[in-house]
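What follows is one structure encoded as structure tokens, with my remarks underneath.
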Amino acid sequence: MNNFTVNSLLKTNPKSQKVVIEGWVKTFRANRFISLNDGSSYENIQCVVDFKNTSSETLSKINTGTSMKIEGLLVESKGKGQKSEIKVEKITILGECDMNSYPIQPKKHSLEFLRENAHLRVRTNTFSSVMRVRSNLSFAIHKYFKEKGFFYVNTPIITGSDAEGAGEMFKVTTLDLNKKNEVNFNEDFFGKETNLTVSGQLEAESLAMGLGKVYTFGPTFRAENSNTSRHLAEFWMIEPEMAFYDLKDNMDLAEDFIKFIIKDLINECKKDLDFLNQRLIDEDKTKPMNERNELNLLDRLNIVIKNNFKRITYSEAFKILKNSKPNKKKKFKFPILEWGVDLQSEHERFLVEKHFKKPVIIYDYPAKIKAFYMRMNEDKKTVKAMDILFPGIGEIVGGSQREERLDVLKSRIKELKIEEKELWWYLDLRKYGTVKHSGFGLGLERLILFATGMSNIRDVIPFPRTPKSAEF
Ligand code: 4AD
Ligand code: MG
């Protein structure tokens, strides 16, 4: 290990000081100029090789992808495009790279091709930028909650309950399912049926009932067979849960939280965002006019920071959608005909992108399309749910005020034919010192999609898990 990174060298004033740097070759031009990258920055450092005094054996090993250690002097660059460069004194080849078979050639690759080479794609500009943005957003999330007095809690990954009541779970078992016709889960490892968690919310509620304000940040698993650019079978979710918060407090917190992390990202990842912004502009130029984005990436981020999110009830959204068309020629694929239907992504995006032109929070949804734990309103038809909808994404946050009244919760559970005995501990929270409380879930990958302008969720997580795909 050495103490220098490309990022730190690019910020250093070049005064012919001795430096050592390790990294991977991006390109090698004219037997002389190595562009070296070590992942610390989107930018590379140019290393100028004294080819007359370098062995031809070493020179022949310098290819795109080769890893090496370079010792030399940091000097002012005579070339255009960079302030400083390294005058190379010594090259140590660390790992050779077969140029003919190396998938990451110095040219533009399709995102599909890179997905098939997910183990190497982080060496491209696009993926290294996306991964630095991902890291920064994760850190900003912890920073926000720490500043607001929340406690970070960890909830189980293996659970017995279906928190969302949607039945889209991956079973966890040690039974040999091939050997048996009848499966008896009493004989299983945990002596009961278990699955990978779809949400840490129920357990987070338990922790909030003693710690006040908590949040989880962990992996979540859903076996929904939706092969879309917005769904993963394994994704990361942030779930804050707050005692004594009603639905309005919940919406206020969610809005403030998202604005904070986007602002933090703009401050911390300027170069990566500039690069991703330019990438989107270039990509747009290859599309027909009517498919181009109206706003570039930085404009989109600013819209989130600078506007109050529009808040409307489901019933108000329903009225708008019933009387609208996505454009002059087209109708919605799923027409909004009667009150009570679930909104599809086309409706959500219409409200955000065409109608209000800013993020929208829809609240007070029909009870029948939402989970059992949401607080029933006086009208007995709607619940205190809220979804936050974002441009280009649709739903980015789903949350609610929780039902804290034991009798109402019990009757909801019965109505939905959920096994009450699985939820005995959840009901206990309503028996012993129940209080009004709320929370929400933010999908990390949906947030990264928004923040990077990438269009497929498979390209913002290192190794995506989707139907029929779990390579790496
Ligand atoms: O709306 P959801 O299902 O809400 C819950 O799970 C609640 N328990 C949250 C809570 O109140 N604590 O999921 C929350 C968010 C969605 O808004 C979306 O951003 C993301 O999680 N999400 C997914 N992201 C990627 N792939 C999937 N299959 C996702 N399903 C949900
Ligand atoms: Mg939801």
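The values are calculated or read from the model by the stated rules, or taken from the named source; none is laboratory data. Model, not experiment: these values are computed from the prediction. Neighbour counts run over all protein chains shown; Cβ positions are idealised from the backbone, glycine included.
When you go through 409, 416, 449, 427 one by one, which is the residue that is farther than 30 Å from residue 271 by Cβ and either within 16 Å of ligand 2 (Cβ to nearest atom) or touching a residue at least 60 places away in the same chain (Cβ under 8 Å) (or both)? Give the derivation first.
Details: 409 fails: either within 16 Å of ligand 2 (Cβ to nearest atom) or touching a residue at least 60 places away in the same chain (Cβ under 8 Å) (or both); 449 fails: farther than 30 Å from residue 271 by Cβ; 427 fails: either within 16 Å of ligand 2 (Cβ to nearest atom) or touching a residue at least 60 places away in the same chain (Cβ under 8 Å) (or both).
416 is the lone residue from the list that is farther than 30 Å from residue 271 by Cβ and either within 16 Å of ligand 2 (Cβ to nearest atom) or touching a residue at least 60 places away in the same chain (Cβ under 8 Å) (or both).
Out of the residues in region 384-412 that are near ligand 1 (Cβ under 10 Å from one of its atoms) and β-branched (Val, Ile, Thr), which is farthest from the chain's Cα centre (by Cα)?
The qualifying residue farthest from the chain's Cα centre (by Cα) is 388.
Name the single residue that is nearest to residue 107 (Cα to Cα) among those in region 1-36 being among the hydroxyl-bearing types (Ser, Thr, Tyr) and not in a strand (DSSP E or B).
Of the residues in region 1-36, the ones among the hydroxyl-bearing types (Ser, Thr, Tyr) are 5, 8, 12, 16, 27, 35.
Filter again for not in a strand (DSSP E or B), leaving 5, 8, 12, 16.
Details: 5: 25, 8: 27, 12: 30, 16: 33 Å.
Restricting to residues being among the hydroxyl-bearing types (Ser, Thr, Tyr) and not in a strand (DSSP E or B), the top hit is 5.
Do we find that residue 107 is over 18 Å from residue 444 (Cα atoms), at pLDDT 95 or above, among the basic types (Lys, Arg) and exposed (fewer than 14 other Cβ atoms within 10 Å of the Cβ) in this structure?
In short, no.
Just to check your reading of the model, which residue among 438, 469 is within 16 Å of ligand 1 (Cβ to nearest atom), among the polar types (S, T, N, Q) and without any contact (Cβ under 8 Å) to a residue 24 or more places away in the chain? Steps first, answer last, please.
Details: 438 fails: without any contact (Cβ under 8 Å) to a residue 24 or more places away in the chain.
So the residue among 438, 469 that is within 16 Å of ligand 1 (Cβ to nearest atom), among the polar types (S, T, N, Q) and without any contact (Cβ under 8 Å) to a residue 24 or more places away in the chain is 469.
Pick from 160, 149: which is in contact (Cβ under 8 Å) with a residue 60 or more places away in the chain and at positive phi?
Numbers: 160 fails: at positive phi.
Matching residue, one of 160, 149: 149.
If we keep just the residues of region 35-68 that are in contact (Cβ under 8 Å) with a residue 60 or more places away in the chain and out of contact with any Gly (no Cβ under 8 Å at 6 or more places or on another chain), which is surrounded by the fewest Cβ atoms within 10 Å (Cβ to Cβ)?
43
When you go through 357, 381 one by one, which is the residue that is away from ligand 1 (no atom under 13 Å from the Cβ), under 30 Å from residue 302 (Cα atoms) and either touching a residue at least 60 places away in the same chain (Cβ under 8 Å) or of a type in the set (Lys, Arg) (or both)? Give the steps one after another, and end with the answer.
On the way: 381 fails: under 30 Å from residue 302 (Cα atoms).
Selected residue: 357, the only one of 357, 381 that is away from ligand 1 (no atom under 13 Å from the Cβ), under 30 Å from residue 302 (Cα atoms) and either touching a residue at least 60 places away in the same chain (Cβ under 8 Å) or of a type in the set (Lys, Arg) (or both).
So which residues in region 37-51 are assigned to a loop (DSSP other than H, G, I, E, B) and under 32 Å from the mean Cα position of the chain (by Cα)?
Start the filter on region 37-51 by keeping residues that are assigned to a loop (DSSP other than H, G, I, E, B), which leaves 38-44, 49-50.
Once the filter is applied, which keeps residues that are assigned to a loop (DSSP other than H, G, I, E, B) and under 32 Å from the mean Cα position of the chain (by Cα), region 37-51 yields 38, 39, 40, 41, 42, 43, 44.
Working carefully through the options 221, 190, 145, 150, find the one that is surrounded by fewer than 16 Cβ atoms within 10 Å (Cβ to Cβ) and either away from ligand 2 (no atom under 16 Å from the Cβ) or not polar (S, T, N, Q) (or both).
On the way: 221 fails: surrounded by fewer than 16 Cβ atoms within 10 Å (Cβ to Cβ); 145 fails: surrounded by fewer than 16 Cβ atoms within 10 Å (Cβ to Cβ); 150 fails: surrounded by fewer than 16 Cβ atoms within 10 Å (Cβ to Cβ).
Selected residue: 190, the only one of 221, 190, 145, 150 that is surrounded by fewer than 16 Cβ atoms within 10 Å (Cβ to Cβ) and either away from ligand 2 (no atom under 16 Å from the Cβ) or not polar (S, T, N, Q) (or both).
Looking at region 384-393, can you tell me whether even one residue there is more than 16 Å from ligand 2 (Cβ to nearest atom) and among the basic types (Lys, Arg)? Show your work before the answer.
Narrowing region 384-393 to residues more than 16 Å from ligand 2 (Cβ to nearest atom): 391-392.
Among the residues that remain, those that are also among the basic types (Lys, Arg) are: none.
Scanning region 384-393, I find no residue that is more than 16 Å from ligand 2 (Cβ to nearest atom) and among the basic types (Lys, Arg), so the answer is no.
Are any residues in region 112-140 over 17 Å from residue 472 (Cα atoms) and exposed (fewer than 15 other Cβ atoms within 10 Å of the Cβ), and if so, which ones?
135, 139
Mind counting the residues in region 321-361 that are closer than 20 Å to residue 304 by Cβ and in a loop (DSSP other than H, G, I, E, B)?
Looking only at that region, the number is 3.
Return the total of residues in region 113-128 being outside any helix (DSSP H, G or I) and of a type in the set (A, V, I, L, M, F, W, C).
Of the residues in region 113-128, the ones outside any helix (DSSP H, G or I) are 117-120, 124.
Next, from what is left, pick out any that are of a type in the set (A, V, I, L, M, F, W, C): 118, 120.
The qualifying residues number 2.
Does region 325-358 hold any residues that are farther than 26 Å from residue 258 by Cβ and of a type outside the set (A, V, I, L, M, F, W, C), and which are they? Don't jump to the end; show me each part of the working.
Start the filter on region 325-358 by keeping residues that are farther than 26 Å from residue 258 by Cβ, which leaves 325, 327-341.
Within region 325-358, 325, 327, 328, 329, 330, 331, 333, 335, 338, 340 qualify.
Matching residues to (1) under 15 Å from residue 441 (Cβ atoms); (2) within 14 Å of ligand 1 (Cβ to nearest atom); (3) in contact with a helix residue (DSSP H, G or I) (Cβ under 7 Å, 6 or more places away or on another chain):
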position: 124; (1), (2), (3): no, no, yes
position: 149; (1), (2), (3): no, no, no
position: 169; (1), (2), (3): no, yes, no
position: 204; (1), (2), (3): yes, yes, no
position: 209; (1), (2), (3): no, no, yes
position: 212; (1), (2), (3): no, no, no
position: 219; (1), (2), (3): yes, yes, no
position: 230; (1), (2), (3): yes, yes, yes
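Every residue, every condition in (1) within 16 Å of ligand 2 (Cβ to nearest atom); (2) of a type outside the set (A, V, I, L, M); (3) buried (at least 18 other Cβ atoms within 10 Å of the Cβ); (4) at pLDDT 95 or above, yes or no:
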position: 198; (1), (2), (3), (4): yes, no, yes, yes
position: 201; (1), (2), (3), (4): yes, yes, yes, yes
position: 205; (1), (2), (3), (4): no, yes, yes, yes
position: 208; (1), (2), (3), (4): no, no, yes, yes
position: 212; (1), (2), (3), (4): no, yes, no, yes
position: 226; (1), (2), (3), (4): yes, yes, no, no
position: 232; (1), (2), (3), (4): yes, no, yes, yes
position: 237; (1), (2), (3), (4): yes, no, yes, yes
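Only one of 68, 131 is outside any loop (DSSP other than H, G, I, E, B), of a type in the set (A, V, I, L, M), over 30 Å from residue 265 (Cβ atoms) and under 34 Å from the mean Cα position of the chain (by Cα). Can you tell me which?
Working: 131 fails: over 30 Å from residue 265 (Cβ atoms).
Selected residue: 68, the only one of 68, 131 that is outside any loop (DSSP other than H, G, I, E, B), of a type in the set (A, V, I, L, M), over 30 Å from residue 265 (Cβ atoms) and under 34 Å from the mean Cα position of the chain (by Cα).
Quick check on residue 345: is it small (Gly, Ala, Ser) and in contact with an Asp or Glu (Cβ under 8 Å, 6 or more places away or on another chain)?
Against the criterion (small (Gly, Ala, Ser) and in contact with an Asp or Glu (Cβ under 8 Å, 6 or more places away or on another chain)), residue 345 qualifies.
Mind listing just one residue for me: the one in region 163-174 that is within 23 Å of residue 202 (Cβ to Cβ) and free of Cβ contacts under 8 Å to residues at least 40 places away in the same chain and, of those, farthest from the chain's Cα centre (by Cα)?
Within region 163-174, the subset within 23 Å of residue 202 (Cβ to Cβ) is 163-173.
Restricting the remaining residues to those that are free of Cβ contacts under 8 Å to residues at least 40 places away in the same chain gives 167, 171-173.
Numbers: 167: 23, 171: 24, 172: 25, 173: 29 Å.
Going through the qualifying residues, I end up with 173.
Can you name the strands (runs of 3 or more DSSP E) wholly within region 184-300 that have at least 1 residues being under 19 Å from the mean Cα position of the chain (by Cα)? Show your work before the answer.
Numbers: elements: 194-196, 213-221, 234-243.
Once the strands (runs of 3 or more DSSP E) in region 184-300 are filtered for at least 1 residues that are under 19 Å from the mean Cα position of the chain (by Cα), what remains is 213-221, 234-243.
Exactly one condition in (1) modelled with pLDDT of 95 or more; (2) out of contact with any strand residue (DSSP E or B) (no Cβ under 6 Å at 6 or more places or on another chain) is false for residue 74; which is it?
Of everything listed in (1) modelled with pLDDT of 95 or more; (2) out of contact with any strand residue (DSSP E or B) (no Cβ under 6 Å at 6 or more places or on another chain), residue 74 misses just condition (2).
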